[in-house]
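The structure under discussion appears below in the form of structure tokens.
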Amino acid sequence: MSDLPLSTKRKLGLVIDLDTCVGCHACVVACKGWNTENYGAPLSDIGAYGQAPAGTFLNRVHSYEISPPDAPTQTVHFPKSCLHCENAPCVTVCPTGASYKRSEDGIVLVDESACIGCGLCAWACPYGARELDAAEGVMKKCTLCVDRIYNENLPEIDRVPACVRTCPAGARHFGDLGDPDSDVSKLVAERGGMDLMPELDAAPTNKYLPPRPRDAAETSAAPVLEPVAAEAGGLLGWIDRALAAMPGA
Amino acid sequence: MNPFAKLLSLTRSPEPVVETSPRVSQEIRKTTCYMCACRCGINVHMKEGRVAYIEGNRDHPVNQGVLCAKGSAGIMQVNAPSRLRKPLKRVGPRGSNQFEEVSWEEALDLAVEWLEPVRQKHPEKLAFFTGRDQSQSFTSMWAQSFGTPNYAAHGGFCSVNMAAGGIYTMGGAFWEFGQPDWDHAKLFMLFGVAEDHDSNPIKIGLGKLKKRGAKVISVNPVRTGYNAVADDWVGITPGTDGLFILAIVHELLRAGRIDLDYLARYTNAPAIVIHAPGTDQHGRLLKDEDGHLLVVDRKTGELMRYDAAEVEPSLTATHTVNGHECQTVFRQLADKYLDEQYAPDAVAEACGVSPLRIRQIAAELARVAFEESFELDRPWTDFRGRRHDKMIGRPVSFHAMRGISAHANGFQTCRSLHLLQILLGTVEVPGGMRFKPPYPKPVAAHPKPHCKVTPGKPLDGPHLGFVRGPDDLALREDGTPARIDKAFSWENPMSAHGLMHMVISNAYAGDPYKVDTLFMYMANMSWNSSMNPGGVSAMLTDQNDDGTYVIPHVIYADAYASEMVAYADLVLPDTTYLERHDCISLLDRPIGEATGAADAIRWPVIEPDRDVRGFQSVLCDLGARLQLPGFVREDGSQLYADYADYIVNHERRPGVGPLAGFRGNGDSHGRGAPNPDQIQRYIDNGSFFITHIPAEAEYYKPWNAAYQDWAVDIGLYDAPQHYVFELYSEPMRLFQMAAEGYGERQPPDYLRERLKRVMSPLPIWYDTDDSDDDRYPIRALTQRPMAMYHSWGSQNAWLRQIHGENPLFVSQKIWDEHGFKDGDWARVKSPHGEISVPVALQAALNPYTVWTWNAIGKRQGAWALEQDAPESKRGFLLNHLIHELLPPKGDGLRWSNSDPITGQAAWFDLRVSIQKIGEQTHSLPQMPVLPSAVPNAPRDLKWQVGE
Amino acid sequence: MNPAASIIVFTSLSGTGFGLMFWLGLGFPHVTGWTAFWYFTVAYGLAVVGLTASAFHLGNPQRALKAFTQYRTSWLSREAWLSVMTLTVMAGAAYLAVFEDTVIPALGWVGAVLSLLTVFGTSMIYTQLKTVPRWNHWSTPVVFLAYAIAGGAILTVTPAHLAIALLVILGALQAIAWNIGAEAFQRRPTDLGTATGLGTRGSVRAFEPPHTGTNYLLKEMVYQVARRRAAQLRQLNIGLSVVIPIAFLLLAPDNIWVRGIALALHVAGVFASRWLFFAEAEHVVGLYYGRREPQASASR
Ligand SMILES: Nc1nc2c(c(=O)[nH]1)N[C@H]1C(S)=C(S)[C@@H](COP(=O)(O)OP(=O)(O)OC[C@H]3O[C@@H](n4cnc5c(=O)[nH]c(N)nc54)[C@H](O)[C@@H]3O)O[C@H]1N2
Ligand SMILES: Nc1nc2c(c(=O)[nH]1)N[C@H]1C(S)=C(S)[C@@H](COP(=O)(O)OP(=O)(O)OC[C@H]3O[C@@H](n4cnc5c(=O)[nH]c(N)nc54)[C@H](O)[C@@H]3O)O[C@H]1N2
Ligand code: SF4
Ligand code: SF4
Ligand code: SF4
Ligand code: SF4
Ligand code: SF4
Ligand SMILES: [Mo]
């Protein structure tokens, strides 16, 4: 159902640390593996071994360059999946109610049995988080691993999204962003977590932690070492004195 | 929310019910990943006997639950349409990829028919080389039993500089032999790494550093991946790291910011360098009769054994030998690096790093090493018997890989980096870099190379090893190289891993001799692992006048329809990694952590659905058919039924076998009788075994008595092996002296000058390009993509969507100078060849550098990909520009494109010129299309296993 | 956006069909019996073929009825209702006109209003999308309505001068829309800097795409038109949908056949207009893939 809940009990989402993400695509493939086998239809790959393979993925890692005016260019690896927006435009446009936002935890899902595959929700999403599966004709998107995070067949420690579990660098965090005391909320507060395209008012739940300042030495006057060689006896004299001053000598 | 919306939301219809607890699988089988050589633990979720999902094993020491992109895509690998299905016998001309499927019986008969006479007459005419081999202790044993000296794995073209540089200097290396103390390091400096073998551990470690807010400095011409998350980036000009490092050394020495105590106690800095010009002692280290290093004691001024209980070795003493005043290694070292040639101002331009930046980095290293030093309350006892109540942390850690090792000056650059680490006292201390068992392991504990051939008999010892001097070279009576790859010859004396990249061209040229059978395993030698793939393909197909092939027989074992398959006469189809037994052994390149010794297995979590066999099991069978000692019982019957049988029952030394865990009755670790249930015990334990080093033995391992005892206990060595780090390398001095004319074994004259220059016992830097050719001003590199493993990733339907083609990334300077636009292509030339490829801009790149992702380019028709797949159409290999020989220098000789010390392939010395061309339809060169060796792949995939 | 044939046919034909119904509902021309039959058949035919074409854009058309359920929030759902309501009301009007020779003006007016609302509904499917700045503008419904009204007028309105006037207005509105649309993307604050949140640190540039192959997003939302192609299509668009119909109406004898041909040519022009409407519209997701600024439009 396409109307958004007035509020959700929790705001589950991801916090992605751009300071730490090395762009390894592990989260991309773990997501593909889990979601091919689980929630809804498999994520198909059209022309899998051909000239223009085009598969459905729910998570993708972009790479950008930032050129600051006074320091070397930086590279930022940038994973992106559904941001589980509070004000999800993808939901309200859906004519069938297949797209909906759960009032319980804020997860935005597609009920594949109701989806006509019109694609409008993907058009409405600013973030490119929805891909229409070409084989199945239904809309696919990140489920926040709703079939993992509550899954009683999984050990408790594994009840996190597949992408979070697999991220080798620990750049992905999962939790309740509606709870100011949750680890993720604290992280967002500490590190200045940000929204993507805030001006479009989708009010994304997922937050991005910006890279820490880079190349400080290029712009600041870091200290350099003072020579001892100028002292009497040069380096070797200094060494003898230094060793003599050491305990045990 | 407006009132209308509010009303709407209050009258929402009910939300669909979602099944939040689906059954994940029916069973989890735990084994070891082999989508790359990192060897992480995996949980393979099974549904109806098929692989449904793969995730990381949380208990596993290597990956601790995480999994990389490749690992997660394993399901697409074990189901890849490119899998070979049955042994193949060539029917068309070699290279045409035309085969008939034959039975295993026929295939093995044919192999015996070729190999038996070779073994009886000239065992050296078998060249057995393996690539991504993780069973080297087994394959080398097979080759040794066969009797050929011509065995090695791929280390020579991979990163032998790193391994040898580390082992010769400190008895252990980066690569997969050592790792930063991620939990304590506060400053981490990374040289020339895009991915490395320790894929997941490095990422886990970086994550830890980031979490603690530790600082990361990366030195790399390219800023991606690990280098992208580094706080500071030094976009160095390729090939100049040695200079940059020695300038830092210069700064540290000048300021006296070095760990004197560490140098005096744990290194050969206090050793006395004999000054005796004109004799065969000049430059050797002073020793007692039993060969123990001597040092001057600071308190008494007397000479003492370096390991004497009471000694306080002096770094600055002088000592008179035969009337000549001799200095310590440290004095020589200080004199050398305090020279102005190593001053930041002198090196800045060559390195592309400003003098101020070099000074700042030196200061930062010193500050963190000495001012952020900390102590661990862990008493320990050193090898001199002295008790220390604390462990002193120097929280600066380094890591490096092929960016410094894959250059022709890489060995000395690696040594320079180790020098820097050691001056700061950051090896095997808290916060620094630590070895993973079975390392530390000094050169003395490694074998020497063996090459004595006796027809019909085994070789006289292991093929590979660490030479201590000219006496250990693998030379024939006449002084020519004994090995087909010329390893351990004067051209590259310390080639500890062999030179796989020279095998085909040497065999083709008959230099030093011809071979009969080339037997290769898991190496795509006609493509991405060769320099000059076009040339190599021609060598493999070239015929003598009588129509026979110059290289008469080629046997190749691969699991997939790779480019190399086309060049085999006989293809032995291997299983995939989930279909076989494997053993990641402490005798080999084990997994492991700085805090424990570990090994692991693979086991068939699924049965092959094709007529394929695990290659090691095939060697057990072939070994028996050839009656190789060690592979047959006394009655001549087959000793090991298969590889699993070998893994469990083989003993290298009494009580020590391929696997360390669960020996004897299942409770002995390290040493113990073979245990028939061992494999099951591994499986029950998640397919790995780890035994932890006691806390007091976790640091200072080479000098820590508790560690040495522990290592003996679990069978890593048979007696304690303490040693000191060799800042001054005496083996290198011995080669230098040979070049100066001392000793019996003498190098050919044309190599003398080079040996004198490069075999410097203290680290040096030299330019790898001594030609005056300025037509190729641009450096060209490759990097490993994190989501691809060499050539195998492209057959993987998921991974190839991420990296299906590769542009040449071009720096802003080159981009602007050539007026490139998006969509443009370039013609790139080297002295050896040219390619036409698409370009893309990267601003975070050294201005004089271009690069691309490694091994994405594929040959048309290979890997069960459709024709005109993007990998072939727009993808490309840089390898076409690289030659195994350097361009002629006008001296009538052809020098190999390798490090003159180790023979390491100098992939990254490539220089090119670039020229803009308009948009093209195909990258060039295009080798002729291969007919596929396997049936066509399905078009679309809708992968789901079970309900 | 990908100019998919199904949605071009859908918006063009249904728009024109409902435009015709609008005029028929208003009593232009006042027709009954067979004449009415033919008029209504043309209007219905266009509308129904158009609506049917939209089903070809669906991945699972068999569930299309579900699209009626979310009228509370979804313009697509509302459009579905509006079109069905219009077709129903106009079916009543048509029945009476054809078989009963009766015209109930009130019913026609209701149908006329519904016809326009349907076209408005169609346009709102696009207009509502903040992600496509070019569409997210008052000009979108205005132009959609103008096409429907002017297109419908070609066949129905006498005197011809009124239809000509409407066509002139249409041409002007279309030109204005192009003009506004050209800068629509740049006028918004959204750029790669806000898309990544990194814009405050320096200039941001897409370096490596997340996949070298293609995907749904690239095919569907990151379509790029060559400038020359766009310029040609604009000429074709205005020529066919405005200039030539005007010429017919001015120069040819005013009869139903001439008007029919004029309408047919007009519809061909509408196809071109809609092709451009989709193809030139840039979705913000293109930013993530390094489509920095929208391609400068051909009108500049
Ligand atoms: N330009 C350039 N070239 C390079 C490098 C570079 O940096 N730049 N790097 C070099 C380095 S360091 C290396 S190590 C080499 C690597 O190059 P290779 O050693 O050739 O490695 P791969 O391409 O991974 O594949 C080897 C073969 O193993 C096969 N294989 C995969 N799995 C199995 C299996 O389970 N069983 C069997 N029997 N075969 C299997 C694959 O099908 C493939 O044919 O490339 C080198 N080439
Ligand atoms: N995902 C993945 N992992 C792999 C592999 C794979 O194919 N895929 N291959 C495995 C193998 S066989 C190997 S050998 C390892 C290799 O692992 P790495 O050592 O990480 O090898 P490369 O990717 O070749 O990266 C070399 C790095 O050195 C940089 N570099 C080049 N020249 C210089 C220089 O002169 N100075 C400095 N400072 N940097 C330089 C390059 O920019 C690049 O970042 O990776 C292993 N791990
Ligand atoms: S990211 Fe896109 S798909 Fe996800 S909730 Fe927001 S608008 Fe919807
Ligand atoms: S594609 Fe499916 S989920 Fe998306 S708007 Fe259409 S019906 Fe709704
Ligand atoms: S939360 Fe689950 S569905 Fe979403 S990106 Fe991560 S793995 Fe994919
Ligand atoms: S797995 Fe983690 S580090 Fe790798 S790309 Fe995803 S978020 Fe980045
Ligand atoms: S790093 Fe990746 S591919 Fe390599 S062993 Fe680990 S999970 Fe497998
Ligand atoms: Mo390698």
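The values are calculated or read from the model by the stated rules, or taken from the named source; none is laboratory data. Not measured: the values here are computed from a predicted model. Heads up, the Cβs are rebuilt from the backbone with ideal geometry, glycines too, and the neighbour counts pull from every protein chain shown.
For the reader, a short list of remarks on this structure follows.
Residues are listed down the side, and each one gets a yes or a no for (1) within 14 Å of chain A (Cβ to nearest Cβ); (2) over 21 Å from C:Glu280 (Cα atoms):
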residue: C:Ile180; (1), (2): no, no
residue: C:Asp191; (1), (2): yes, no
residue: C:Gly199; (1), (2): yes, yes
residue: C:Gln224; (1), (2): no, no
residue: C:Arg229; (1), (2): no, no
residue: C:Phe248; (1), (2): no, yes
residue: C:Asp254; (1), (2): no, yes
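- Of all residues in region B:548-593, those that are at pLDDT below 95, among the small types (Gly, Ala, Ser) and over 21 Å from B:Ile42 (Cα atoms) total 0.
- Taken over region A:196-209, the criterion of being surrounded by 19 or more Cβ atoms within 10 Å (Cβ to Cβ) and either of a type outside the set (Gly, Ala, Ser) or within 16 Å of ligand 6 (Cβ to nearest atom) (or both) is satisfied by A:Leu196, A:Met197, A:Leu200, A:Pro204, A:Thr205, A:Asn206, A:Lys207, A:Tyr208, A:Leu209.
- Test for B:Ser923: is it within 21 Å of B:Tyr750 (Cβ to Cβ) and of a type in the set (S, T, N, Q): no
- The strands (runs of 3 or more DSSP E) falling completely within region B:156-259 that include 1 or more residues that are facing another protein chain (nearest Cβ under 8 Å), closer than 30 Å to A:Val228 by Cα and in contact (Cβ under 8 Å) with a residue 60 or more places away in the chain map to B:232-234.
- The condition of being in contact (Cβ under 8 Å) with a residue 60 or more places away in the chain, assigned to a loop (DSSP other than H, G, I, E, B) and of a type in the set (Phe, Trp, Tyr) does not hold for A:Phe78.
- Meets criteria (β-branched (Val, Ile, Thr) and within 14 Å of chain A (Cβ to nearest Cβ)) for B:Val758: no
- Under the condition of being over 30 Å from B:Leu464 (Cα atoms) and either among the charged types (D, E, K, R) or crowded, with 20+ Cβ neighbours inside 10 Å (or both), the residues counted in region B:910-929 number 6.
- Scanning region A:19-73 for residues that are more than 7 Å from every other protein chain (Cβ to nearest Cβ) and of a type in the set (A, V, I, L, M), we see that the one that is farthest from ligand 2 (Cβ to nearest atom) is A:Ala41.
- Boolean, B:Gly213 is surrounded by 24 or more Cβ atoms within 10 Å (Cβ to Cβ) and of a type in the set (Gly, Ala, Ser): no
- Looking across B:Ser668, B:Ser760, one residue alone is of a type in the set (Ser, Thr, Tyr) and over 30 Å from B:Ala269 (Cα atoms). It is B:Ser668.
- Single unsatisfied condition, B:Ala597 versus (1) of a type in the set (A, V, I, L, M, F, W, C); (2) under 19 Å from B:Arg119 (Cβ atoms); (3) crowded, with 24+ Cβ neighbours inside 10 Å: (2)
- Unmet requirement for C:Gln186, which otherwise passes all of (1) within 12 Å of chain A (Cβ to nearest Cβ); (2) in a helix (DSSP H, G or I); (3) at pLDDT below 95: (1)
- Top-ranked residue of region B:66-92 - restricted to ones that are under 29 Å from the mean Cα position of the chain (by Cα) and away from ligand 7 (no atom under 16 Å from the Cβ), ranked as nearest to the other protein chains (Cβ to nearest Cβ): B:Ser82
- All positions within region A:72-90 that are among the charged types (D, E, K, R) and over 9 Å from the mean Cα position of the chain (by Cα): A:Glu86
- A:Gly33 more than 16 Å from ligand 4 (Cβ to nearest atom), under 30 Å from B:Ser82 (Cβ atoms) and free of Cβ contacts under 8 Å to residues at least 60 places away in the same chain: no
- Odd one out for B:Met732 among (1) touching a strand residue (DSSP E or B) at 6+ places or on another chain (Cβ under 7 Å); (2) buried (at least 23 other Cβ atoms within 10 Å of the Cβ): (1)
- Selection status of B:Arg652, among the basic types (Lys, Arg), more than 29 Å from the chain's Cα centre (by Cα) and surrounded by fewer than 22 Cβ atoms within 10 Å (Cβ to Cβ): no
- A:Thr166 vs. criteria in contact (Cβ under 8 Å) with a residue 60 or more places away in the chain, hydroxyl-bearing (Ser, Thr, Tyr) and within 16 Å of ligand 4 (Cβ to nearest atom): no
- Checking every residue in region B:795-805 against the condition of being surrounded by fewer than 24 Cβ atoms within 10 Å (Cβ to Cβ) and in contact with a Leu (Cβ under 9 Å, 6 or more places away or on another chain) gives zero matches.
- Number of residues in region A:1-46 that are of a type in the set (D, E, K, R) and within 16 Å of ligand 7 (Cβ to nearest atom): the value is 1.
- Hey, B:Glu105 among the acidic types (Asp, Glu), in a strand (DSSP E or B), free of Cβ contacts under 8 Å to residues at least 40 places away in the same chain and more than 16 Å from ligand 3 (Cβ to nearest atom) or not: no
- For region B:861-909, filtering for residues that are surrounded by fewer than 22 Cβ atoms within 10 Å (Cβ to Cβ) and assigned to a loop (DSSP other than H, G, I, E, B) leaves 14.
- Checked against the criterion of being more than 16 Å from ligand 4 (Cβ to nearest atom) and touching a His at 6+ places or on another chain (Cβ under 9 Å), region A:79-86 contains one or more residues that satisfy it.
- Filter pass, B:His45 being away from ligand 8 (no atom under 16 Å from the Cβ) and away from chain A (no Cβ under 11 Å): no
- Residue count, region B:301-338 (criterion: exposed (fewer than 13 other Cβ atoms within 10 Å of the Cβ) and within 12 Å of another protein chain (Cβ to nearest Cβ)): 1
- So A:Asp70, is it more than 16 Å from ligand 3 (Cβ to nearest atom), over 30 Å from B:Arg859 (Cα atoms), at pLDDT 95 or above and surrounded by fewer than 24 Cβ atoms within 10 Å (Cβ to Cβ): no
- Set side by side, the residues B:Asp891, B:Asp909 differ, and just one is among the acidic types (Asp, Glu) and at pLDDT 95 or above, which is B:Asp909.
- When A:Glu112 is tested against (1) buried (at least 24 other Cβ atoms within 10 Å of the Cβ); (2) closer than 23 Å to C:Lys219 by Cα; (3) within 11 Å of chain C (Cβ to nearest Cβ), just one condition goes unmet, and that condition is (1).
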